[in-house]
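K.L.:
Below is the structure I would like to discuss, written out as structure tokens.
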Amino acid sequence: MVTQMSKRKAKSRDRWNDFLQSLCFLSPSLLGVAVFFIVPFGVVVYYSLIDGVGSRSFVGLDNFTRLFQNSAFLMAGRNTLRFSVLAVPLAVVLAIVLALLLEARIPLKSQFRTFFLSPMMVPVASVVLIWQVLFNFNGTVNEFLRLFGADKIDWFQSEYSLIVVLILFLWKNLGYNMILFMAGLANIPRELLEVADVEGASEWYKFFAIKLRYLSPTVLFVTILSLINSFKVFREVYLLTGDYPYEELYMLQHFMNNTFKSLDYQKLSAAAVVMAVVMVVLIALLFKAEDWFGKDVEG
Amino acid sequence: MRKKRYFSRGVTFLLCLVFAVAFLLPTVLTITNSFMSEAEIKSNYGMIFSTTTGGYVSKTVNLKFIPDKVSFSQYITGLIKSPEYLLKYWNSILLVVPIVIFQVAVASVAAYSFTRWRGKLRSGIFFFYVILMLMPYQVTLVPNYLVSDWLGILNTRWSIILPGIFAPFSVFLLTKFMRRIPYSLIESAKVDGAGEWQIFTKICLPQCRSALYSIAILVFIDYWNMVEQPLILLQDADAQPLSVFLSSINAGEIGLAFAMATVYMIPSLLLFLHGEEYLVEGIANSGSVKG
């Protein structure tokens, strides 16, 4: 009886110890995150609910209703959504294709890998200059098209602008995504593929029935990274086209940037909160999806 | 059968080659164009970046890889004649090096905590980190600005370095990696009487050397090319990094921009060439999103 009691006591003391130790290790990061991200985000939420920094009266969801009536915000939201819906799946699928291509026994494999990664190094300023040379109305791409008798396209000032940005995004991110998939492919148990070979399975079957299943955690990981990076492409878009680009390119980041410049903190905070909520829902869905798909290949 | 296989390999090789050339193009262009004189740059790209001063301008844009005459004039202008580029370069180093070192350090300790101890509370916090990591910069911009203002570090380097150190990105990646370390390793060390700090430094860190290195590369590249943060938090032009300054170079100095971009690329290039294997290896074991 006594020993049982003391055992239980020891156990709870262990847990308490564990908790303290884990806190020790986590605290530097947690402290910094709290000071630089969590607390100020709380303030942003507060700002989104008040009338103005001066009067500070509580107005409920007024800022949000006004935000959802703001045509610039709605357009920016639509455009951002469209871009992400196009860019993220493309970045995932094309990266898988590249990774599969490099699985073949071809010469210069590691050189190819380096080349695909090279876009990560090029400074933004240089990327922007080159994109201008390529896609300007008098630029190289149009000159090239003219050789085939095609009309010149105003790449930055038409619905094609989305394609230009899409190309930029893919060029920049495919290499790294490809590396992630190569790593994922390398983790597939060889025996499984050998058995499939012996059984005479087709390449397609091997891909969909074996490889893709094992890649599913990587697919989700790359999806999340690509989502982050699809927001980061704003940097280049901004440097290419400025505060007010062609309508199709007007992203949420433009909206927030411009709102920040005009010092409308209420509108900005409300937009930030809406964006955060959308992200939370999205990530929760992705996590659920991983639970769903990853079940049978865990371990 | 064998012939068919060779054929498909040939096609694969060609496909890779086409992709590789397209991917490499901007890097090569940046480097080769940096060896052109301003006159040559102007005659090539004058159509696009209309400059008012005279000189020959080609009617059509002229994307050239090999300069007519190799000229170091851009480098001389940028590196010797005007000290401001080197000054900005130094600013970049002052901003990015502390961020990389301390972000990885803080993150490795935090990742150990997320790896070693699980539980409802901790997985909740981890989920929170993932959310924070995913927030576009424009969402964290206002919070960042506010905190810098309160702490009185607005317009100093610290307004960029401190939030950079605590960015949750590397915590996430490192946690993914550490969770792959066999639990038996940690258990046996514990049986042998090692304390948590010892397990962390003697077992965990050596096990994820390549991950640490690959994360350092990623963080470096991300911050080396930052533009938005300094524009808003560091309005003193003398303290801004070269990445911002390069982006604001005006149309008359395209050649100079290419030359300075090339110089700016050198650290990333060295890190890559030295660490590509780590980059691949470090990622190979990072596994799933949730872990």
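The values are calculated or read from the model by the stated rules, or taken from the named source; none is laboratory data. It should be emphasised that the depicted structure is a prediction, and the values quoted were computed from it without experimental measurement. Cβ: placed from backbone, ideal geometry, glycine included. Neighbour counts: every protein chain shown.
K.L.:
Sort through B:13, B:35, B:23, B:7 and tell me the only one that's assigned to a helix (DSSP H, G or I) and more than 24 Å from residue A:171 (Cα to Cα). Break it down into steps so the answer makes sense when it comes.
P.N.:
Details: B:13 fails: more than 24 Å from residue A:171 (Cα to Cα); B:35 fails: assigned to a helix (DSSP H, G or I); B:23 fails: more than 24 Å from residue A:171 (Cα to Cα).
One residue alone meets the criteria, B:7.
Residues checked against (1) surrounded by fewer than 15 Cβ atoms within 10 Å (Cβ to Cβ); (2) assigned by TED's automatic domain parsing to the domain that holds residue A:164; (3) among the polar types (S, T, N, Q):
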site	(1), (2), (3)
A:60	yes, no, no
A:64	no, no, no
A:82	yes, yes, no
A:88	no, yes, no
A:108	yes, yes, no
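K.L.:
Could you list, in sequence order, all residues of the stretch B:127-148 that are surrounded by fewer than 19 Cβ atoms within 10 Å (Cβ to Cβ) and either touching a Ser or Thr at 6+ places or on another chain (Cβ under 9 Å) or not assigned by TED's automatic domain parsing to the domain that holds residue B:228 (or both)?
P.N.:
B:145
K.L.:
What about residue A:31, is it in a helix (DSSP H, G or I) and under 20 Å from residue B:146 (Cβ atoms)? Step through it out loud before you land on a result.
P.N.:
Details: in a helix (DSSP H, G or I): yes; under 20 Å from residue B:146 (Cβ atoms): yes.
Considered against the rule, which asks whether it is in a helix (DSSP H, G or I) and under 20 Å from residue B:146 (Cβ atoms), residue A:31 comes out as yes.
K.L.:
Something else now. So, residue A:284, is that one within 11 Å of chain B (Cβ to nearest Cβ) and in contact (Cβ under 8 Å) with a residue 24 or more places away in the chain or not?
P.N.:
Working: within 11 Å of chain B (Cβ to nearest Cβ): yes; in contact (Cβ under 8 Å) with a residue 24 or more places away in the chain: no.
It is false that residue A:284 is within 11 Å of chain B (Cβ to nearest Cβ) and in contact (Cβ under 8 Å) with a residue 24 or more places away in the chain.
K.L.:
Okay, next question. Could you grab me the full set of residues in the stretch A:51-80 that are away from every other protein chain (no Cβ under 14 Å) and over 31 Å from the mean Cα position of the chain (by Cα)?
P.N.:
Answer for the stretch A:51-80, where residues must be away from every other protein chain (no Cβ under 14 Å) and over 31 Å from the mean Cα position of the chain (by Cα): A:51, A:52, A:54, A:55, A:56, A:57, A:58, A:59, A:60.
K.L.:
Filter the stretch B:225-259 down to the residues that are closer than 18 Å to residue B:31 by Cα, within 8 Å of chain A (Cβ to nearest Cβ) and either in contact with a Phe, Trp or Tyr (Cβ under 9 Å, 6 or more places away or on another chain) or buried (at least 20 other Cβ atoms within 10 Å of the Cβ) (or both) and list them by number. Outline the logic, then answer.
P.N.:
Taking the stretch B:225-259 as the starting set, the residues that turn out to be closer than 18 Å to residue B:31 by Cα are B:225, B:242-243, B:246-247, B:249, B:253-259.
When the remaining residues are screened for being within 8 Å of chain A (Cβ to nearest Cβ), the result is B:225, B:243, B:246-247, B:249, B:254, B:257-258.
Hits for the stretch B:225-259 are B:225, B:243, B:246, B:247, B:254, B:257, B:258.
K.L.:
In the stretch B:223-236, how many are touching a helix residue (DSSP H, G or I) at 6+ places or on another chain (Cβ under 8 Å) and either part of a helix (DSSP H, G or I) or among the polar types (S, T, N, Q) (or both)? Lay out the reasoning, then the answer.
P.N.:
Taking the stretch B:223-236 as the starting set, the residues that turn out to be touching a helix residue (DSSP H, G or I) at 6+ places or on another chain (Cβ under 8 Å) are B:223-234.
Of the ones still in play, those that are also either part of a helix (DSSP H, G or I) or among the polar types (S, T, N, Q) (or both) are B:223-225, B:228-233.
The qualifying residues number 9.
K.L.:
If you go through the stretch A:91-102, how many residues are assigned to a helix (DSSP H, G or I) and surrounded by 17 or more Cβ atoms within 10 Å (Cβ to Cβ)?
P.N.:
Let us first name the residues in the stretch A:91-102 that are assigned to a helix (DSSP H, G or I), namely A:91-101.
Subset that is surrounded by 17 or more Cβ atoms within 10 Å (Cβ to Cβ): A:91-92, A:95-96, A:98-101.
Adding up the residues that qualify gives 8.
K.L.:
Could I ask something else about it? Tell me which helices (runs of 4 or more DSSP H) are completely within the stretch B:103-219 and hold 1 or more residues being in contact (Cβ under 8 Å) with a residue 60 or more places away in the chain and polar (S, T, N, Q), or say none if there are none.
P.N.:
Working: elements: B:120-134, B:137-151, B:158-165, B:169-178, B:183-191.
So the answer is B:137-151, B:158-165, B:169-178.
K.L.:
Return the residue satisfying two criteria in turn: it lies in the stretch A:132-163 and is touching a residue at least 60 places away in the same chain (Cβ under 8 Å) and either in contact with a strand residue (DSSP E or B) (Cβ under 9 Å, 6 or more places away or on another chain) or surrounded by 15 or more Cβ atoms within 10 Å (Cβ to Cβ) (or both), and of such residues it is farthest from residue A:215 (Cα to Cα).
P.N.:
Step one: list which residues in the stretch A:132-163 are touching a residue at least 60 places away in the same chain (Cβ under 8 Å), which gives A:132, A:156-159, A:161-162.
Applying the additional criterion that residues be either in contact with a strand residue (DSSP E or B) (Cβ under 9 Å, 6 or more places away or on another chain) or surrounded by 15 or more Cβ atoms within 10 Å (Cβ to Cβ) (or both) yields A:132, A:156-157, A:161-162.
Details: A:132: 37, A:156: 37, A:157: 39, A:161: 33, A:162: 29 Å.
Looking at residues that are touching a residue at least 60 places away in the same chain (Cβ under 8 Å) and either in contact with a strand residue (DSSP E or B) (Cβ under 9 Å, 6 or more places away or on another chain) or surrounded by 15 or more Cβ atoms within 10 Å (Cβ to Cβ) (or both), I get A:157.
K.L.:
Let me ask something additional. Sort through A:133, A:93, A:164 and tell me the only one that's of a type in the set (A, V, I, L, M) and within 11 Å of chain B (Cβ to nearest Cβ).
P.N.:
Values: A:93 fails: within 11 Å of chain B (Cβ to nearest Cβ); A:164 fails: within 11 Å of chain B (Cβ to nearest Cβ).
None of the others qualify; the one that does is A:133.
K.L.:
On to the next question. From the list B:141, B:151, B:212, B:173, exactly one residue is in contact with a Leu (Cβ under 9 Å, 6 or more places away or on another chain) and either of a type in the set (Gly, Ala, Ser) or closer than 27 Å to residue A:238 by Cα (or both). Which is it? Write out each step before concluding.
P.N.:
Values: B:151 fails: either of a type in the set (Gly, Ala, Ser) or closer than 27 Å to residue A:238 by Cα (or both); B:212 fails: either of a type in the set (Gly, Ala, Ser) or closer than 27 Å to residue A:238 by Cα (or both); B:173 fails: either of a type in the set (Gly, Ala, Ser) or closer than 27 Å to residue A:238 by Cα (or both).
Unique residue meeting the criteria: B:141.
K.L.:
What number of residues in the stretch B:154-180 are β-branched (Val, Ile, Thr) and surrounded by fewer than 17 Cβ atoms within 10 Å (Cβ to Cβ)? Talk me through it step by step, then tell me what you get.
P.N.:
Filtering the stretch B:154-180 for residues β-branched (Val, Ile, Thr) gives B:156, B:160-161, B:165, B:171, B:175.
Adding the requirement that they be surrounded by fewer than 17 Cβ atoms within 10 Å (Cβ to Cβ) leaves B:156.
Number of matching residues: 1.
K.L.:
Any idea which residue in the stretch A:230-268 is modelled with the lowest pLDDT, counting only those that are part of a loop (DSSP other than H, G, I, E, B) and hydrophobic (A, V, I, L, M, F, W, C)?
P.N.:
Keep residues of the stretch A:230-268 that are part of a loop (DSSP other than H, G, I, E, B), which gives A:233, A:242-246, A:250-251, A:262-264.
Checking which are hydrophobic (A, V, I, L, M, F, W, C) leaves us with A:233, A:251, A:263.
On the way: A:233: 87, A:251: 88, A:263: 81.
Filtering the stretch A:230-268 for residues that are part of a loop (DSSP other than H, G, I, E, B) and hydrophobic (A, V, I, L, M, F, W, C), the one modelled with the lowest pLDDT comes out as A:263.
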